[in-house]
Protein chains: 2
Amino acid sequence: VTLPPEFALIARHFRPLAGAGGLDLTDDAALLTPPPGRELVLAADAMVAGVHFLPDDPPETIGRKLLRVNLSDLAAMGADPLAYLMTVALPHGTGDDWLAAFAQGLAADQAEYGLAVLGGDTVGTPGPLTLSLTILGTVEPGRALRRGGARPGDGLFVTGTIGDGVLGLAAARRGEAGSLATRYRLPTPRLAEGRALLGVATACMDVSDGLVQDLGHICRASGCGAVLHAERVPRSAPAEGAPVATLITGGDDYELLFAAPALPEGFPATRIGVFVEGPAEVTVLDGGAPLTLARPGWSHI
Amino acid sequence: VTLPPEFALIARHFRPLAGAGGLDLTDDAALLTPPPGRELVLAADAMVAGVHFLPDDPPETIGRKLLRVNLSDLAAMGADPLAYLMTVALPHGTGDDWLAAFAQGLAADQAEYGLAVLGGDTVGTPGPLTLSLTILGTVEPGRALRRGGARPGDGLFVTGTIGDGVLGLAAARRGEAGSLATRYRLPTPRLAEGRALLGVATACMDVSDGLVQDLGHICRASGCGAVLHAERVPRSAPAEGAPVATLITGGDDYELLFAAPALPEGFPATRIGVFVEGPAEVTVLDGGAPLTLARPGWSHI
């Protein structure tokens, strides 16, 4: 019995990525002994070509971006990566070279972030390339960072710089190859920062759909308001001249946005506002004056 | 801050499906305390409209089919269902009624099979409806059924009847509403049978891509051959007149195919062949004469 194309493809490109419990991707399911004394943290995200990434993005970056977006969800909970499962719906005629590069990118990130694939599924689609990834991580039981613990008086902080994702999308669309386009294609999950925030942050999430909109999620979950000082939002050098409204409503930042009464000396984050008593609303000030935004962020529907 | 459409949709249709660790689907990830003393079993499958189900299938059945296909993977390992995560790529303009029915179908199966959703993602797509589901189950450590343990002399068995899936697809395409179309849309995962095979079967898998092709997977994993007696393959009443080659190479059966030296009295399965010494090949006999097949089963690429 010769292997049909689906299984030959999996054997060639995806089997080398499989972790111990993945059983070489030849069984109906994977086996995983949960690390003793740890709580599991699980998240799933999907990406569609032309919606979440550009159809002509390099294949090396496409799977990695989805993996990093999921790792960013683990970072937001303060969790350590453990393993992942991925399903891939491939447009008919996807070439072997494309798949080899796609798998190579995943292999690089598996090594960098210390996790492996446990299983998945490869199917064909008459539509655009569509990927889905479920990630598993672990955290000390009961200590995971959540969105609902911010209290009035807590400072509002963010890691890294904000707005490079949306500027990077524009740069990538223009065919530029600089740091902004790279940042759009390969965000950096803030795993070390998330881990360091355990016991420090009262609420945390990752910024994926626009800073202002995502801050609204923390406010709703925590039952308080927030005042954001737009001029304090950290920018990268290439973002110097961009309108602040673009930066704080653009997506794909994958920085951590969090509440904390105070931060340890030298913690790599910027204070950009404060949580306040009142309804779950975000007040955006720019140099002290209210800033009106056309929309707070992205919806993927 | 008003919720954008993506989050309103999730709140309305998917939040009621969330299990305890799902945190109302409002956090970056879900939390799960693994059941003590159990090994986790994980599988992921994807389905694309027009490839794995018919675009005009009732929305109540579409999510359920994917859930049941994944439950069937757990059954093949002898595992108990625990929870799942799902991502949904919705064609633009998918209506609220469609989503309500889709979620209602999932709710019914969650109740029937005793599991809940932990998380996921909802995105838009310019392509066909595309679903991906990751399922988690548990099994007593080291006891999961695998594909690789069949030994020459073991009997070859199958649960239920074979071929209703492929006949059901044809019936559904013709717009018929009988038992075959229902079976295509809502397969029955053989969870109780899988559990009962722990310590009984030497190898097991579920039949999803054609009996002959899937039997080849067991042979390769086990390093032995198999002789399949096509005339012994159990058929349902509506399949009585169908060519045996159609039945044993069609997909979507979701019955358990397994090897065992012997079965307990009254075990609900049919002996359809035997495992033999030699290369990992499947010999198909029909009334004792070799049966030549155009292809052994389905590839989804």
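Identify the residue in segment B:160-179 that is among the hydrophobic types (A, V, I, L, M, F, W, C) and within 16 Å of the chain's Cα centre (by Cα) and, among all such residues, is surrounded by the fewest Cβ atoms within 10 Å (Cβ to Cβ).
By that ranking, first place goes to B:169.
When segment B:93-126 is examined, which residues are found to be at negative phi, in contact with a Ser or Thr (Cβ under 8 Å, 6 or more places away or on another chain) and not hydrophobic (A, V, I, L, M, F, W, C)?
Listed by number, the residues that qualify are B:105, B:121, B:122, B:125.
When you check residue B:148 against the structure, is it touching a helix residue (DSSP H, G or I) at 6+ places or on another chain (Cβ under 8 Å), in a loop (DSSP other than H, G, I, E, B) and closer than 25 Å to residue A:33 by Cα, yes or no?
Criteria met by residue B:148.
Name the residue, out of B:34, B:55, that is assigned to a loop (DSSP other than H, G, I, E, B) and either open to solvent by less than 30 Å² (accessible area, probe 1.4 Å) or closer than 27 Å to residue A:190 by Cβ (or both).
B:34 is the lone residue from the list that is assigned to a loop (DSSP other than H, G, I, E, B) and either open to solvent by less than 30 Å² (accessible area, probe 1.4 Å) or closer than 27 Å to residue A:190 by Cβ (or both).
Test of understanding: among A:12, A:68, which residue is out of contact with any strand residue (DSSP E or B) (no Cβ under 6 Å at 6 or more places or on another chain), within 22 Å of residue B:89 (Cβ to Cβ) and of a type outside the set (S, T, N, Q)?
Just one listed residue meets the conditions, A:68.
For residue A:76, indicate whether it is in contact with a Cys (Cβ under 8 Å, 6 or more places away or on another chain), buried (at least 18 other Cβ atoms within 10 Å of the Cβ) and not aromatic (Phe, Trp, Tyr).
For residue A:76, the condition - in contact with a Cys (Cβ under 8 Å, 6 or more places away or on another chain), buried (at least 18 other Cβ atoms within 10 Å of the Cβ) and not aromatic (Phe, Trp, Tyr) - is met.
Give just the number: which of (1) over 17 Å from residue B:119 (Cα atoms); (2) at pLDDT 95 or above does residue A:73 not satisfy?
Of everything listed in (1) over 17 Å from residue B:119 (Cα atoms); (2) at pLDDT 95 or above, residue A:73 misses just condition (1).
Kindly indicate the residue of segment A:82-101 that is more than 11 Å from chain B (Cβ to nearest Cβ) and in contact with a Lys or Arg (Cβ under 9 Å, 6 or more places away or on another chain) and also most open to solvent (accessible area, probe 1.4 Å) among those meeting that condition.
A:96
Would you pick out the residues in segment A:238-262 that are aliphatic (A, V, I, L, M) and under 19 Å from residue A:217 (Cα atoms)?
Hits for segment A:238-262 are A:245, A:247, A:248, A:256, A:257, A:259, A:260.
Could you tell me whether residue A:260 is surrounded by 16 or more Cβ atoms within 10 Å (Cβ to Cβ) and touching a Ser or Thr at 6+ places or on another chain (Cβ under 7 Å)?
Spelling it out, residue A:260 is indeed surrounded by 16 or more Cβ atoms within 10 Å (Cβ to Cβ) and touching a Ser or Thr at 6+ places or on another chain (Cβ under 7 Å).
For segment B:172-200, how many residues are in contact (Cβ under 8 Å) with a residue 24 or more places away in the chain and small (Gly, Ala, Ser)?
Total meeting the criteria: 6.
Of the numbered conditions (1) farther than 19 Å from residue A:76 by Cβ; (2) within 7 Å of another protein chain (Cβ to nearest Cβ); (3) of a type in the set (Gly, Ala, Ser), residue B:29 fails exactly one; give the number of that condition.
Here residue B:29 clears every test but (1).
Show the residue pairs that are 6+ apart or on different chains and have beta-carbon atoms under 7 Å apart, the first residue being within segment A:121-140 and at the interface with another protein chain (Cβ under 7 Å from one of its Cβ atoms), the second being among the hydrophobic types (A, V, I, L, M, F, W, C) and part of a loop (DSSP other than H, G, I, E, B).
Hits for this filter: A:122/B:301; A:123/B:51; A:124/B:51; A:124/B:301; A:125/B:51.
Go through segment B:160-181 and give me each residue that's among the polar types (S, T, N, Q) and at pLDDT below 95.
B:179, the sole residue that qualifies.
Can you name every residue in segment A:37-51 that is of a type outside the set (D, E, K, R) and either surrounded by fewer than 20 Cβ atoms within 10 Å (Cβ to Cβ) or at the interface with chain B (Cβ under 7 Å from one of its Cβ atoms) (or both)?
Answer for segment A:37-51, where residues must be of a type outside the set (D, E, K, R) and either surrounded by fewer than 20 Cβ atoms within 10 Å (Cβ to Cβ) or at the interface with chain B (Cβ under 7 Å from one of its Cβ atoms) (or both): A:37, A:40, A:41, A:42, A:43, A:44, A:46, A:48, A:50, A:51.
Looking at (1) closer than 20 Å to residue B:246 by Cα; (2) at pLDDT below 95, which is the only condition residue B:157 fails?
Of the numbered conditions (1) closer than 20 Å to residue B:246 by Cα; (2) at pLDDT below 95, the odd one out for residue B:157 is (2).
Considering every residue within segment A:239-247, establish whether at least one is open to solvent by 50 Å² or more (accessible area, probe 1.4 Å) and more than 30 Å from residue A:178 (Cα to Cα).
Within segment A:239-247 (the criterion being open to solvent by 50 Å² or more (accessible area, probe 1.4 Å) and more than 30 Å from residue A:178 (Cα to Cα)), the answer is no, since none of the residues qualifies.
For segment B:263-290, how many residues are closer than 23 Å to residue B:223 by Cα, in a loop (DSSP other than H, G, I, E, B) and open to solvent by less than 50 Å² (accessible area, probe 1.4 Å)?
So the answer is 3.
The rows are residues; the columns are (1) within 15 Å of the chain's Cα centre (by Cα); (2) buried (at least 22 other Cβ atoms within 10 Å of the Cβ).
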residue: B:186; (1), (2): yes, no
residue: B:190; (1), (2): yes, yes
residue: B:201; (1), (2): no, yes
residue: B:204; (1), (2): yes, yes
residue: B:212; (1), (2): no, yes
residue: B:215; (1), (2): no, yes
residue: B:220; (1), (2): no, no
residue: B:232; (1), (2): no, no
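For segment B:105-120, give me each residue that is facing chain A (nearest Cβ under 7 Å) and either touching a Gly at 6+ places or on another chain (Cβ under 8 Å) or aromatic (Phe, Trp, Tyr) (or both).
B:118, B:119
When you check residue A:293 against the structure, is it away from chain B (no Cβ under 14 Å) and in contact (Cβ under 8 Å) with a residue 12 or more places away in the chain, yes or no?
For residue A:293, the condition - away from chain B (no Cβ under 14 Å) and in contact (Cβ under 8 Å) with a residue 12 or more places away in the chain - is not met.
Give segment B:213-239 a look and list any residue that's polar (S, T, N, Q) and in a helix (DSSP H, G or I), or say none.
Across segment B:213-239, the qualifying residues are B:213, B:222.
For residue A:69, work out the one condition from (1) in a helix (DSSP H, G or I); (2) open to solvent by less than 10 Å² (accessible area, probe 1.4 Å); (3) within 13 Å of chain B (Cβ to nearest Cβ) it doesn't fulfil.
(2)
Which one is farthest from the other protein chains (Cβ to nearest Cβ), of the residues in segment A:218-240 that are out of contact with any helix residue (DSSP H, G or I) (no Cβ under 8 Å at 6 or more places or on another chain) and under 24 Å from residue A:65 (Cβ atoms)?
Per the stated criteria, the residue is A:237.
When both residues are 6+ apart or on different chains and their Cβ atoms are under 6 Å apart, which pairs have a first residue that lies in segment A:19-44 and is farther than 25 Å from residue B:21 by Cα, and a second that is part of a loop (DSSP other than H, G, I, E, B)?
Cβ pairs passing all conditions: A:27/B:146; A:27/B:147.
The values are calculated or read from the model by the stated rules, or taken from the named source; none is laboratory data. This is a predicted model, so every value here is computed, not measured. Note that each Cβ is placed from the backbone with ideal geometry, even for glycine, and that neighbours are counted across all protein chains shown. Just the protein is used for accessible areas: all its heavy atoms, side chains included, with ligands, DNA and RNA removed. Shrake-Rupley method; radii C 1.70, N 1.55, O 1.52, S 1.80 Å.
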